[in-house]
Amino acid sequence: MAEKKQVIVRIKRRRSPKESAWWEEFALAWRPSMNVIICLRDIAENPVTLDGKKTTPVSYDSNCLEEICGSCAMLINGKARMACSALVDSLEQPIRIEPLSKFPLVRDLAVDRQFMFESLKRVKAWIPIDGTYDLGEGPRVSPEVQEAGYPLSSCISCGSCLEVCPQVNENSKFVGAAIISQVRLFNMHPTGAMHAKERINAVMQPGGIQDCANAQNCVKACPKNIPLTESIAEVNRQAWKQALLGWLIG
Amino acid sequence: MRQPKIIIVGGGLAGLMATIRVAEAGVPVDLFSIVPVKRSHSVCAQGGINAAKNQKGEGDTTAKHFDDTIYGGDFLANQPLVRRMCEAAPGIIDLLDRMGVMFNRTPEGLLDYRRFGGTLYHRTAFAGATTGQQLLYALDEQVRRHEAEGKVKKYEGFTFLSAVLDDAGVCRGICAMDLRSMEVKTFTADAVIFCTGGVGAIFGRSTNSVVCTGSAQSALFQQGVDYANGEFIQVHPTAIPGEDKLRLMSESARGEGGRVWVPRDPADKRPAKSVPENERFYFLEEWYPKYGNLVPRDIATRAIHRIVFQEKLGLQGRQAVYLDVSHIPRETLDRKLEGILEIYEKFLGVDPREEPMKVFPGMHYTMGGMWVNAEDQATNVPGIYAAGECEYQYHGANRLGANSLVSCIFGGGLAGPSAVKYAKNLDKGAEAVDASVFAREQKRQEAKNQELVSGQGSENLMVIWRELGDTMTEHVTVTRINKNLEAADAKLVELAGRFSRVSLSDRTMWSNQTLNFARELGNMLLLARVITLGALARNESRGAHYKPEFPERDDANWLKTTRAKYVSGEIKLTYDPVDISQIPPRARRYDAAK
């Protein structure tokens, strides 16, 4: 009889930002359709390492488990991706799991991505409605604009695009592709377009679009296939136009 | 004048809508959420949001939406507020449209509408097949704007532990735990609105997100908030089974023409595509000619169970049937359903544009919830309000697809101003409450944590959770049999006993997810009993609650709301009459037009 199939995972552990990291290896019983979340749950049920040492369950962020909440991004075999859709059978073993490196660590695989939400504030990523009282229907939107806007609006703020961007590092405040793409989205909407200038101004500040060095890693890493480089190009165009106009008018 | 303060717990659609309304009223809001609010479970809603805008010239009206909702809910919902919700729905769509939701459009630039279960009208506005995500983001953006203006303060990464009740039993704030530092803190408020979602985790695996445990509802129940119609749990007919979760395949797949079928011959081993049309059993279309694949969820779920368990026609003898969209043009699928088809493709490696999907029913929605009054979302405890899936108000015995998003936004939008009004009318605000009231609640919660981290028993949390989920799924979902329900309740009592002997595998006090889950599991075990006992008592079949021993709806004895109370440590079931002042109950059938 064939030996029971095992899944070997190596996890980078760290109790807190103040302590140093170490690696732990686990052997789990293979089942069909296993993903990385199931591996982490197996460990939580029986937190014993491959060499028989008792340890603690692994801390990690997760919620929807269907790749739409953006919680469970981590580095899996060196690649930034969502743990829920990382199927064990498609991964080389031992599966190496590490936290995203560009965000402050909380514990183990859990990181703090508050920076992204703060950046959304900076660029005013919203439609400034007058109020929630009844003001009738919104503006008509052509199917063409909807079809361009909808993919941009599916950004789950997972942070994968920041993780892979060489411009996002300790010495930079670069907001990253996801945020710039939101500027494009809101500037495209008929009401949002009325306030495009404010958003462009915001994205021309330090850490803004000029920090992009066109590495184009973001678009490859995005789990939602958002055309991030197109967004950067478009917002760049809008920024140049605005800068030039400002210069001409004085 | 005294400036009141409102706390909102939960940042899904209902919580965010309540937040916006309170902020608009100029009252400061503290918004608590376990996860960053943008990651709330509302993102999982797929198919759309209902409103009788009648934009397809079919003569749809809000009265018809109201009737479909009451009829679909098998007449268990109190009617006046449901009517108000249906009347408000078109305005809610307008509001979302103004907020910039990327709804699908017609060539004229208007919102497009699709069909959904339990109605014959195109009433469901949608943004691809990720409508919940798109709506949540729109509200998230509005809340962020209010936050930037200093009107809202977010506490993300906090979990609610308990309400702070003063000596008169009035809610004066909450006790919450910081999920990083594990510190227990109290926060004052003149009113608290709970928008804490469904209870999927009680069933182990469900279509719900990880945070949907019902822990907050259970904690509040133990503090005196009544829990209504707990036994009404929606099992969605089409989910993809998985070990970690049951991934939803939206009703919109059928709304866009998807068909459910099995081969007529259970021994048929051919690939689905090569089974000829006349050898396919489109059982929903055959059994329910008028509504076909778009019968309400409870009906479709029972039909699939009948096919699999009685007719033994499950695919290759397994618990699965086909959900087929492969006959629909690829371009249409990508424009209208891409989000869900991608889920199937990513998690199963099969392209549903080519191959029929294999699906099976899975626990999906919590119709029951915290009891709220019929006017303004207030619970029976002064100062506590509830909105969204965590309360019981809008869906009766079975929720119609695409009604949840509208009920979240309507309920949240109603709860916000209601709480403000209550807070402004208080003689004495929370700031005047003695600090000892807060200190004693904090101590009580810290003691619970201490007890858990110092427990030296032999029981394993994850094992107890699995047994809880298996018990509930087996006995308290689609088919309910009294002796099994009794056995399930005995099992729940046993599990609660074992829970008191758990030993946590993590005792540290930094980002300890094990401790947090232990707190949740303790609460889940009690709420599971409320659900089970409610089901055991209700000797009839109504909507999602089906008892083969009592196969008919029994209006004479059971046209009433179950209202569970927690009295000296015991669950007590009481019953309230249902307000049927607008539509008299009539037989519910979907094989013909109603």
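Just one of the listed residues (B:Tyr365, B:Tyr394) is in contact with an Asp or Glu (Cβ under 8 Å, 6 or more places away or on another chain), in contact (Cβ under 8 Å) with a residue 12 or more places away in the chain and either of a type outside the set (A, V, I, L, M) or not in a helix (DSSP H, G or I) (or both), and it is B:Tyr365. Modelled with pLDDT of 95 or more, at the interface with chain B (Cβ under 8 Å from one of its Cβ atoms), surrounded by fewer than 18 Cβ atoms within 10 Å (Cβ to Cβ) and under 20 Å from B:Arg145 (Cβ atoms) - does that describe any residue in the stretch A:104-120? Yes, the stretch A:104-120 contains a residue that is modelled with pLDDT of 95 or more, at the interface with chain B (Cβ under 8 Å from one of its Cβ atoms), surrounded by fewer than 18 Cβ atoms within 10 Å (Cβ to Cβ) and under 20 Å from B:Arg145 (Cβ atoms). Scan the stretch B:87-111 residue by residue and report those that are of a type in the set (A, V, I, L, M) and either more than 7 Å from every other protein chain (Cβ to nearest Cβ) or closer than 17 Å to B:Ala129 by Cα (or both). B:Ala88, B:Ala89, B:Ile92, B:Ile93, B:Leu96, B:Val101, B:Met102, B:Leu111 - these are the residues of the stretch B:87-111 that are of a type in the set (A, V, I, L, M) and either more than 7 Å from every other protein chain (Cβ to nearest Cβ) or closer than 17 Å to B:Ala129 by Cα (or both).
Applying the criterion of at least 1 residues that are surrounded by fewer than 16 Cβ atoms within 10 Å (Cβ to Cβ) to the helices (runs of 4 or more DSSP H) found wholly in the stretch A:168-250 leaves A:196-203, A:217-221, A:228-249. Residue by residue through the stretch B:477-511, note down the ones that are under 29 Å from B:Arg542 (Cα atoms) and not hydrophobic (A, V, I, L, M, F, W, C). Correct list: B:Thr477, B:Thr479, B:Arg480, B:Asn482, B:Lys483, B:Asn484, B:Glu486, B:Asp489, B:Lys491. Sub-6 Å Cβ pairs linking a first residue in the stretch B:204-227 that is among the hydroxyl-bearing types (Ser, Thr, Tyr) to a second residue that is assigned to a loop (DSSP other than H, G, I, E, B), at least 6 apart or interchain, are B:Ser206/B:Leu246; B:Thr207/B:Leu246; B:Ser209/A:Asn63; B:Ser209/A:Cys64, ordered by first then second residue.
If you go through the stretch B:551-594 one residue at a time, how many are closer than 20 Å to B:Arg297 by Cα and among the hydrophobic types (A, V, I, L, M, F, W, C)? Of the residues in that region, 3 qualify. Scanning the stretch B:123-161 for residues that are within 11 Å of chain A (Cβ to nearest Cβ), basic (Lys, Arg) and assigned to a strand (DSSP E or B) returns a single hit, B:Lys154. In the stretch B:404-417, the qualifying residues are those that are in contact with an Asp or Glu (Cβ under 9 Å, 6 or more places away or on another chain) and buried (at least 24 other Cβ atoms within 10 Å of the Cβ), and the one that is nearest to the other protein chains (Cβ to nearest Cβ) is B:Gly416.
Count of the stretch B:77-122 residues, restricted to those that are in a loop (DSSP other than H, G, I, E, B) and within 20 Å of B:Thr62 (Cβ to Cβ), is 11.
Can you tell me how many residues in the stretch B:496-551 are among the hydrophobic types (A, V, I, L, M, F, W, C) and either away from chain A (no Cβ under 14 Å) or under 18 Å from B:Thr473 (Cβ atoms) (or both)?
Taking the stretch B:496-551 first, the residues among the hydrophobic types (A, V, I, L, M, F, W, C) are B:496, B:499, B:502, B:504, B:509-510, B:515, B:517-518, B:521, B:524-528, B:530-531, B:533, B:535-537, B:544, B:550.
Add one more test, that the residue is either away from chain A (no Cβ under 14 Å) or under 18 Å from B:Thr473 (Cβ atoms) (or both), and what stays is B:496, B:499, B:521, B:524-528, B:530-531, B:533, B:535-537, B:544, B:550.
Total satisfying the criteria: 16.
Before we move on, is B:Leu220 of a type in the set (A, V, I, L, M) and over 27 Å from B:Thr479 (Cβ atoms)?
In short, yes.
Any idea how many residues of the stretch B:239-259 are of a type in the set (Ser, Thr, Tyr) and either within 14 Å of chain A (Cβ to nearest Cβ) or assigned to a loop (DSSP other than H, G, I, E, B) (or both)? Walk me through how you get there before you give the answer.
Of the stretch B:239-259, the ones of a type in the set (Ser, Thr, Tyr) are B:250, B:252.
Now drop any that are not either within 14 Å of chain A (Cβ to nearest Cβ) or assigned to a loop (DSSP other than H, G, I, E, B) (or both), which leaves B:250.
Of the residues in that region, 1 qualify.
Here the condition is being of a type in the set (Lys, Arg), at pLDDT 95 or above and assigned to a loop (DSSP other than H, G, I, E, B); of B:Arg529, B:Arg466, B:Arg498, B:Arg507, it holds for B:Arg507 alone. Of all residues in the stretch A:11-56, those that are part of a strand (DSSP E or B) and of a type in the set (Lys, Arg) total 3. Of A:Met82, A:Met74, all but one fail to be within 21 Å of A:Cys218 (Cβ to Cβ), without any contact (Cβ under 8 Å) to a residue 60 or more places away in the chain, of a type in the set (A, V, I, L, M) and more than 9 Å from every other protein chain (Cβ to nearest Cβ); the exception is A:Met74.
The selection criterion, being in the same structural domain as A:Ala202 (by TED's automatic domain parsing), surrounded by fewer than 22 Cβ atoms within 10 Å (Cβ to Cβ) and touching a residue at least 40 places away in the same chain (Cβ under 8 Å), holds for A:Val145.
The values are calculated or read from the model by the stated rules, or taken from the named source; none is laboratory data. In this text, all values refer to a predicted model and were calculated from it rather than measured experimentally. Neighbour counts are summed over all protein chains in view; Cβ atoms, including those assigned to glycine, are modelled from backbone coordinates with ideal geometry.
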